[in-house]
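Heads up: the structure comes next, in structure tokens.
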Protein chains: 2
Amino acid sequence: MRVVVALGGNALLHRGEALSAANQQDNVKRAAAALAPLARDHELIVTHGNGPQVGLLALQGESFGPDTAQPLDVLDAETEGMIGYLIERELGNLLPGRKTAALLTQIEVDPRDPAFANPTKPIGPVYDQAQAEELARARGWTVRPDGERYRRVVPSPAPMAILEIGVIRLLVDQAVIVVCAGGGGIPVVRRADGGFAGVEAVIDKDAASALLARDLDADALLMLTDVDAVYEDWGTPNARPIRQATPEQLAAKTFAPGSMAPKVQAARDFATATGGVAGIGRLEDAGAILDGTAGTLVAR
Amino acid sequence: MRVVVALGGNALLHRGEALSAANQQDNVKRAAAALAPLARDHELIVTHGNGPQVGLLALQGESFGPDTAQPLDVLDAETEGMIGYLIERELGNLLPGRKTAALLTQIEVDPRDPAFANPTKPIGPVYDQAQAEELARARGWTVRPDGERYRRVVPSPAPMAILEIGVIRLLVDQAVIVVCAGGGGIPVVRRADGGFAGVEAVIDKDAASALLARDLDADALLMLTDVDAVYEDWGTPNARPIRQATPEQLAAKTFAPGSMAPKVQAARDFATATGGVAGIGRLEDAGAILDGTAGTLVAR
């Protein structure tokens with residue numbers, strides 16, 4: 001089978017954990033250990049989130065000085081370097097002799113996407129309300145509640161086309177394990193002259209992963225996080241896991257925006273468009289989700 | 001012909017220029033305009049330096065807080081993301097319909113390389129002597145004179161093996177324009193268990209480019225900078241450009257360490273090992289250097 005696996009930000013960095021070099025490396029090792037068995041049996045393509053990382057790089061750059069601060073497309077590319085390297089290195093360590101590649105990935109978005117007027121994607125650390133409002137004033141950020149605290153939010157336009165899809169397909173066809181579309185890809189917009197320019201946004205990595213899986217004719221799309229399944233009535237005494245569902249069954253329900261809702265949407269999109277199966281669950285259950293013994297499976 | 005082109009830090013950022021997003025983008029556009037004509041006639045592989053960029057990221061990270069500062073291998077990977085993205089985007093804009101790829105590249109170094117005890121690679125901005133000595137005390141840096149001012153220097157071990165060479169060859173064989181080995185590659189060392197770990201260093205990008213060109217059986221290695229040729233007696237009234245030389249003729253001469261000497265060494269290594277031709281000169285003269293009408297050519 002051809003399997004696209006999306007590693008959630010919460011699979012790479014535990015909630016509330018500091019983004020230290022040691023934490024990040026330990027978490028990537030844990031992720032690689034969960035994915036390596038899949039690579040033995042299947043064609044494996046790995047994508048990853050970058051919310052905490054891109055937020056930290058933005059903060060570091062802006063704190064150091066506005067003259068050298070970089071726009072979000074460049075910061076997205078930096079996180080593809082940072083995280084892609086660590087994932088590729090640790091997967092390679094567990095799969096000696098296998099070819100691996102981590103590829104920078106540009107993804108076209110529509111400059112008229114309504115997301116540009118309505119930022120929703122949380123990046124960087126959480127703040128209390130007073131801190132968040134002060135940062136919003138000082139830096140022109142948009143901030144929104146995230147649980148009981150606040151985070152910066154940026155535009156998250158829909159991914160339209162993966163510029164490197166031909167190269168990715170070429171590598172996957174040659175049995176290379178490919179890490180790509182990290183952080184949802186680097187957002188670019190088409191200019192009037194036909195060329196591409198960067199744009200300040202962070203594409204949702206589940207939406208980008210669903211597009212990638214469709215374009216690659218993947219058999220399965222796995223979205224891995226720190227929650228064991230999609231739940232109905234999450235956060236209530238009635239909460240119960242959904243083991244299997246069709247895209248239509250999920251369409252009638254609501255899920256937490258910014259965390260589970262994008263995964264469910266991506267699962268529905270992929271399953272509807274391809275007839276493949278989409279799975280959502282814990283990193284450690286990757287193989288079991290694919291086997292149907294853990295997590296939530298979505299298929300027509 | 002198969003041509004490996006190494007873009008020097010000074011070709012991507014003019015000496016003394018601030019590393020702003022706008023400057024960097026403008027310089028990458030200029031570089032892409034110089035390289036695109038080569039891609040029409042030849043197989044093109046592009047590498048690039050990262051001295052100013054990796055130094056800035058290190059500074060931003062350390063200034064923000066030691067808890068989230070990343071080691072140099074991770075910062076090298078971030079610069080491969082940042083610069084690789086911009087080069088790939090702008091080359092793609094000038095060569096619509098051509099496949100391009102920017103690949104993270106790990107390069108093995110020897111943990112017993114004497115460079116680890118003797119840091120020589122300048123990174124980041126220049127400081128006056130008092131600033132440099134204060135930073136050395138406060139942050140444990142090694143600083144050295146760079147022209148009339150001072151810069152931080154880090155270990156620059158010799159590149160031994162390019163981990164992704166099989167993937168790079170696969171892409172080049174399929175006519176993909178590949179950006180790789182940026183910043184001299186991400187330095188890794190082999191552990192006792194056979195796996196790889198990152199290491200704090202910055203590999204010289206000319207040395208890495210020479211290794212890449214050898215491994216790819218390239219016909220030519222071009223090292224592009226802001227100087228029009230290699231000069232004898234540089235900085236004296238007798239300064240005169242060298243138009244052609246054999247590796248042996250250059251072995252008898254001395255060149256500026258940290259700038260021209262590594263390029264001359266890389267040119268000698270490549271020409272000696274392969275029978276190919278190595279060229280050194282200005283970015284704008286890329287095509288003319290290959291034709292033998294500008295720059296310095298080194299061949300057996």
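None of B:D285, B:D291, B:D233 is in contact (Cβ under 8 Å) with a residue 24 or more places away in the chain and acidic (D, E) except B:D285.
Report yes if B:P119 is in contact (Cβ under 8 Å) with a residue 12 or more places away in the chain, within 29 Å of A:A101 (Cβ to Cβ), in a loop (DSSP other than H, G, I, E, B) and away from chain A (no Cβ under 11 Å), otherwise no.
Values: in contact (Cβ under 8 Å) with a residue 12 or more places away in the chain: yes; within 29 Å of A:A101 (Cβ to Cβ): no; in a loop (DSSP other than H, G, I, E, B): yes; away from chain A (no Cβ under 11 Å): yes.
For B:P119, the condition - in contact (Cβ under 8 Å) with a residue 12 or more places away in the chain, within 29 Å of A:A101 (Cβ to Cβ), in a loop (DSSP other than H, G, I, E, B) and away from chain A (no Cβ under 11 Å) - is not met.
Scanning segment B:254-273 for residues that are modelled with pLDDT of 95 or more, of a type in the set (S, T, N, Q) and farther than 13 Å from B:D206 by Cα yields a single hit, B:T272. Could you check segment B:189-293 for strands (runs of 3 or more DSSP E) lying wholly inside it with 2 or more residues that are open to solvent by 30 Å² or more (accessible area, probe 1.4 Å)? Once the strands (runs of 3 or more DSSP E) in segment B:189-293 are filtered for at least 2 residues that are open to solvent by 30 Å² or more (accessible area, probe 1.4 Å), what remains is B:230-232, B:240-242, B:277-282.
Just give me the residues in segment B:243-258 being over 18 Å from B:G276 (Cα atoms) and touching a residue at least 40 places away in the same chain (Cβ under 8 Å), in sequence order.
To start, the set of residues in segment B:243-258 that are over 18 Å from B:G276 (Cα atoms) comprises B:252-258.
Those that are over 18 Å from B:G276 (Cα atoms) and touching a residue at least 40 places away in the same chain (Cβ under 8 Å): B:P257, B:G258.
Which residue, of B:E88, B:E80, is within 11 Å of chain A (Cβ to nearest Cβ), in a helix (DSSP H, G or I), under 19 Å from B:L212 (Cβ atoms) and touching a Gly at 6+ places or on another chain (Cβ under 7 Å)? Before the answer, list the steps.
Working: B:E88 fails: touching a Gly at 6+ places or on another chain (Cβ under 7 Å).
Matching residue, one of B:E88, B:E80: B:E80.
Taking the residues in segment B:129-143 that are modelled with pLDDT of 90 or more and in contact with a Phe, Trp or Tyr (Cβ under 7 Å, 6 or more places away or on another chain) as candidates, determine which candidate is most open to solvent (accessible area, probe 1.4 Å). Once the filter is applied, the top-ranked residue is B:Q129. Between A:D146, A:D173, A:D128, the distinction of being over 23 Å from A:D215 (Cβ atoms) and either within 14 Å of chain B (Cβ to nearest Cβ) or in contact with a Gly (Cβ under 9 Å, 6 or more places away or on another chain) (or both) belongs to A:D146 only. Annotation note: Cβ proximity below 6 Å between a residue of segment B:23-38 that is touching a residue at least 40 places away in the same chain (Cβ under 8 Å) and a residue that is buried (at least 16 other Cβ atoms within 10 Å of the Cβ) and among the acidic types (D, E) (sequence gap 6+ or interchain) occurs for B:V28/B:E90; B:K29/B:E90; B:A32/B:E90; B:A34/B:E284.
Taking segment B:129-145, which residues are assigned to a strand (DSSP E or B) and touching a residue at least 24 places away in the same chain (Cβ under 8 Å)? Break it down into steps so the answer makes sense when it comes.
So in segment B:129-145, the residues assigned to a strand (DSSP E or B) come out as B:142-145.
The one that is assigned to a strand (DSSP E or B) and touching a residue at least 24 places away in the same chain (Cβ under 8 Å): B:R144.
Of the listed requirements (1) within 14 Å of chain A (Cβ to nearest Cβ); (2) within 20 Å of B:M1 (Cα to Cα); (3) basic (K, R), B:R268 misses just one: (1).
Hey, can you tell me all the residues within segment B:191-214 that are over 19 Å from B:G49 (Cα atoms) and either of a type in the set (D, E) or without any contact (Cβ under 8 Å) to a residue 60 or more places away in the chain (or both)? Within segment B:191-214, B:R191, B:A192, B:D193, B:G194, B:G195, B:A197 meet the criteria.
Scanning segment A:65-74 for any residue that is open to solvent by 50 Å² or more (accessible area, probe 1.4 Å), assigned by TED's automatic domain parsing to the domain that holds A:D173, modelled with pLDDT under 90 and over 19 Å from the mean Cα position of the chain (by Cα) turns up at least one such residue. Among the conditions (1) touching a strand residue (DSSP E or B) at 6+ places or on another chain (Cβ under 8 Å); (2) away from chain A (no Cβ under 11 Å); (3) basic (K, R), the only one that B:R191 does not satisfy is (2). For segment B:18-32, the set of residues classified as within 12 Å of chain A (Cβ to nearest Cβ) and either surrounded by fewer than 22 Cβ atoms within 10 Å (Cβ to Cβ) or among the β-branched types (V, I, T) (or both) consists of B:A18, B:L19, B:S20, B:A21, B:A22, B:N23, B:Q25, B:V28, B:K29, listed by residue number. Got a number for residues in segment B:3-29 being touching a helix residue (DSSP H, G or I) at 6+ places or on another chain (Cβ under 7 Å), of a type in the set (D, E, K, R) and either outside the structural domain of B:D217 (by TED's automatic domain parsing) or under 26 Å from B:G147 (Cα atoms) (or both)? Summing the residues that are touching a helix residue (DSSP H, G or I) at 6+ places or on another chain (Cβ under 7 Å), of a type in the set (D, E, K, R) and either outside the structural domain of B:D217 (by TED's automatic domain parsing) or under 26 Å from B:G147 (Cα atoms) (or both) in segment B:3-29 gives 1. If the condition is being within 14 Å of chain B (Cβ to nearest Cβ) and surrounded by 15 or more Cβ atoms within 10 Å (Cβ to Cβ), then segment A:7-17 contributes A:L12, A:L13. Taking segment A:91-100 on its own, how many of its residues are touching a strand residue (DSSP E or B) at 6+ places or on another chain (Cβ under 9 Å) and assigned to a helix (DSSP H, G or I)? Final tally of qualifying residues: 3. Residues in segment B:96-115 that are open to solvent by less than 10 Å² (accessible area, probe 1.4 Å) and either touching a helix residue (DSSP H, G or I) at 6+ places or on another chain (Cβ under 6 Å) or more than 7 Å from every other protein chain (Cβ to nearest Cβ) (or both): B:A101, B:A102, B:L104, B:T105, B:I107, B:V109. Residues considered: A:V3, A:V109. Of these, the only one that is under 28 Å from A:A197 (Cβ atoms) and not small (G, A, S) is A:V109. A residue that is touching a strand residue (DSSP E or B) at 6+ places or on another chain (Cβ under 8 Å), open to solvent by less than 30 Å² (accessible area, probe 1.4 Å) and assigned to a helix (DSSP H, G or I) occurs somewhere in segment B:146-167. With respect to (1) surrounded by 18 or more Cβ atoms within 10 Å (Cβ to Cβ); (2) modelled with pLDDT of 95 or more; (3) more than 9 Å from every other protein chain (Cβ to nearest Cβ), the lone exception for A:G51 is condition (2).
The values are calculated or read from the model by the stated rules, or taken from the named source; none is laboratory data. Note that the structure is predicted; figures quoted are calculated from it, not measured. A quick note on method: Cβ atoms are made from the backbone with ideal geometry, for glycine too, and the neighbour counts reach across all protein chains shown. The accessibility values were calculated without ligands, DNA or RNA, using every heavy atom of the protein model including side chains. Shrake-Rupley method; radii C 1.70, N 1.55, O 1.52, S 1.80 Å.
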